[in-house]
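Right, one structure below, let's go through it.
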Amino acid sequence: MTIRLFLIALCLVAVASCTPATGTDRAQQADLVLVGGVVWTGVPGAAEATAVAIGGNQILSVGSDADVRAIATSDARVIDLGGRFVMPGFGDGHTHFIGGGFQLGSVDLRDAATPAEFARRIGDFAASQPAGRWITGGDWDHEMWGGALPERVWVDSLSREHPVAVQRLDGHMMLANSLALELAGITRDTPDPAGGTIVRDVRGEPTGVLKDAAMDLVFAVQPESSEDEMDEAFERAQQHALERGVTMIHDMGSFGALETYRRAEQRGALRMRVYAFVPIAQWRQLASYVADAGRGDDLLKWGGLKGFVDGSLGSTTAWFYEPYQDEPNTSGLMVTDTAELRTQIVGADSAGLHVVVHAIGDLANDWLLDTFEYAAAQNGARDRRFRIEHAQHLSSDAIARFNALGVLPSMQPYHAIDDGRWAEKRIGPDRIQRTYAFRSLLDAGAGLHFGSDWTVAPIDPLLGVYAAVTRRTTDGANPDGWVPAQKISVDEALHAYTAANAYAAFMEDRLGTLEAGRLADLVVLSADPRSVDPSLIPELRVDFTVVDGSVVFERQ
Ligand SMILES: [Zn+2]
């Protein structure tokens, strides 16, 4: 008998001792342990724990400090939490991430509170940029100065050499200066495109504001961003998100964004999880992309499509049954031809792709629920997890249909405390009762999950938790909450940001809770958000962010 055969024979006698070290065995030893904290696992009814052990990219154990220390290697990193709060990493169910990265490098109009300040910031930023460079982003909000739309004449003299195309923070309106209008060929003779409006003054001249599809006329003449610019925007956005505890985004992007994430993964620079969606009009292209390249991996996945039914409340383009109270000549509009959108939804679903669609107004939501029901009937049973992005204003009937149809409401709580300042003047006292109806949806069993819609709102989940729990509008006018019957608990809000987001990405078997065997994504907060006064939740610090077992952000 050769030595080799002899060893094999011995191994047959004592299998365990001869099994070569495998990845799993090594992973049973923790190289990162967190002890002395308050661990919120996200598992309903789970025992209180103080410590988490991580080996490789997985959670090995959640339990007592002693349990966790017992499996740490001698050179494991030990983080002593000193009573701080540990929870699964925050998912963000709805971002426009690359745009966010560009925004971080552009003019910031979000808190410009007067027309003069709005103009000054654009003028100052233009002065810092080479002539000819487009000025985009902005995220202005005309409700800040009482609701008058901005006009190109405010900024023309400050931006003669720069085309300006800055957007309202909801992305459904743009202010273009005269140079940008000229480049886009927009004059008083240009008709409104389908699904869009060129706002005009009393003489019929364009004021510079373009709504929804009218913005496409300007987008068409903007130079495309280079790969390097996209990569830089991504890096800025990623760092910004990790500092706020976001470990996964569902990005409502484009093929250009998807390729940016793939480049980041290839160069080892993807430090968070991304579920990348592309526009539903490109569903056939995505179907063949998936056929060629699969659907990615646990760090970066794709296979989802995002469509639009209507516009936004702030731009009075959300599609309602009844007219707007403050603009009684309109009840909003469909931004996509509904017959075409229905064909796209049915087609994309039949190709096995994941369909999520933006709907804001009550009629838009009902139309979409009907259409999802129709598509499911056409294509037969499967685990499809249709989502309504925003699901902002619901009919009474709609609330129960989410659970009945298995459609997930993908909502952004910060919008409630932002729009809550002025929503009632726009849609009146009845419709606001079913606006951002978090409580009603949870009570009806809907798979409510949360995100930011960054850059429409800040990418800051703690601000979102605060918003969902308090519903205190940003103007301070509703200290007990705007439509307080729709408040939810901190636990429910945390769930909507973690496990519910994992479910909405088909990843609930490996993400979203702190349990042995799950992927190791977690955040450490400076205190337990369940035990501080809710008004202080936005003040909590994110001290550590861990993704896939690595510390990717650590507050200095
Ligand atoms: Zn969005």
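When we screen D326, D298, D349 for residues that are of a type in the set (D, E, K, R), in a helix (DSSP H, G or I) and either out of contact with any Gly (no Cβ under 8 Å at 6 or more places or on another chain) or surrounded by fewer than 17 Cβ atoms within 10 Å (Cβ to Cβ) (or both), the only hit is D349.
Give the number of residues within region 432-461 that are among the polar types (S, T, N, Q) and within 16 Å of the ligand (Cβ to nearest atom).
First, the residues of region 432-461 that are among the polar types (S, T, N, Q): 433, 435, 440, 452, 455.
Pick out the ones that are also within 16 Å of the ligand (Cβ to nearest atom) and you get 452, 455.
Number satisfying all stated conditions: 2.
Of all residues in region 372-416, those that are over 18 Å from V356 (Cβ atoms) and part of a loop (DSSP other than H, G, I, E, B) total 3.
Return the total of residues in region 399-413 being of a type in the set (K, R) and within 14 Å of the ligand (Cβ to nearest atom). Break it down into steps so the answer makes sense when it comes.
Applying the first criterion (of a type in the set (K, R)) to region 399-413 yields 401.
Then drop every residue that is not within 14 Å of the ligand (Cβ to nearest atom), which leaves none.
Of the residues in that region, 0 qualify.
Look at (1) modelled with pLDDT of 95 or more; (2) more than 16 Å from the ligand (Cβ to nearest atom); (3) within 22 Å of the chain's Cα centre (by Cα) and you find that M252 fails only one, number (2).
Against the definition (surrounded by fewer than 15 Cβ atoms within 10 Å (Cβ to Cβ), modelled with pLDDT of 95 or more and touching a strand residue (DSSP E or B) at 6+ places or on another chain (Cβ under 6 Å)), how does D216 come out, yes or no? In short, no. When D228 is tested against (1) without any contact (Cβ under 8 Å) to a residue 24 or more places away in the chain; (2) crowded, with 17+ Cβ neighbours inside 10 Å; (3) in a helix (DSSP H, G or I), exactly one condition is not met: (2). Residues that are under 23 Å from the mean Cα position of the chain (by Cα) and not β-branched (V, I, T) number at least 2 in the following helices (runs of 4 or more DSSP H) confined to region 86-191: 97-104.
Taken over region 399-434, residues that are of a type in the set (A, V, I, L, M) and within 16 Å of A318 (Cα to Cα) amount to 5. Applying a threshold of 6 Å to beta carbon distances and a minimum spacing of six or more residues, or different chains, the list of pairs starting in region 337-358 at a residue that is over 26 Å from H393 (Cβ atoms) and ending at one that is of a type outside the set (K, R) and within 16 Å of the ligand (Cβ to nearest atom) reads L353/L305.
Could you check region 406-434 and list, in sequence order, the residues that are within 25 Å of T330 (Cα to Cα) and aromatic (F, W, Y)? The answer is W422, and nothing else. Contact map, region 162-177: residues that are charged (D, E, K, R) paired with residues that are away from the ligand (no atom under 12 Å from the Cβ) and in a strand (DSSP E or B), Cβ distance under 6 Å, separation 6+ or inter-chain. Pairs shown: R168/W140.
Report yes if some residue within region 515-525 is closer than 18 Å to D418 by Cβ, surrounded by fewer than 19 Cβ atoms within 10 Å (Cβ to Cβ) and modelled with pLDDT of 95 or more; otherwise report no. Lay out the reasoning, then the answer.
Narrowing region 515-525 to residues closer than 18 Å to D418 by Cβ: none.
No, there is no match, as no residue in region 515-525 is closer than 18 Å to D418 by Cβ, surrounded by fewer than 19 Cβ atoms within 10 Å (Cβ to Cβ) and modelled with pLDDT of 95 or more.
Restricting R472, R510 to residues that are under 30 Å from G137 (Cα atoms), of a type in the set (K, R), outside any helix (DSSP H, G or I) and more than 16 Å from the ligand (Cβ to nearest atom) narrows the list to R472. Of the residues making up region 346-398, those that are more than 16 Å from the ligand (Cβ to nearest atom), among the hydrophobic types (A, V, I, L, M, F, W, C) and farther than 20 Å from K301 by Cα are V346, L363, W367, L369, F372, A375, A376, A377, A381, L394, A398. Listed by position, the helices (runs of 4 or more DSSP H) contained in region 1-84 that have at least 3 residues being at pLDDT 95 or above are 65-70.
Give the residues of region 76-113 that are within 16 Å of the ligand (Cβ to nearest atom) and of a type in the set (V, I, T), sorted by residue number. Those that are within 16 Å of the ligand (Cβ to nearest atom) and of a type in the set (V, I, T): T95, I98. In region 40-86, of all residues being without any contact (Cβ under 8 Å) to a residue 24 or more places away in the chain and among the acidic types (D, E), the one that is nearest to Q29 (Cα to Cα) corresponds to D67.
Scanning region 85-109 for residues that are at pLDDT 95 or above and aromatic (F, W, Y) returns F85, F90, F97.
This table checks each residue for (1) surrounded by 19 or more Cβ atoms within 10 Å (Cβ to Cβ); (2) charged (D, E, K, R); (3) within 15 Å of the chain's Cα centre (by Cα); (4) farther than 23 Å from M144 by Cβ.
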| position | (1), (2), (3), (4) |
| --- | --- |
| T473 | yes, no, no, no |
| I488 | yes, no, no, yes |
| D491 | no, yes, no, yes |
| T498 | yes, no, yes, yes |
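The values are calculated or read from the model by the stated rules, or taken from the named source; none is laboratory data. Note that the coordinates shown come from a computational prediction; the quantities given were computed from them, not determined experimentally. Positions of Cβ are generated from backbone atoms using ideal geometry, with glycine treated the same way; all protein chains shown enter the neighbour counts.
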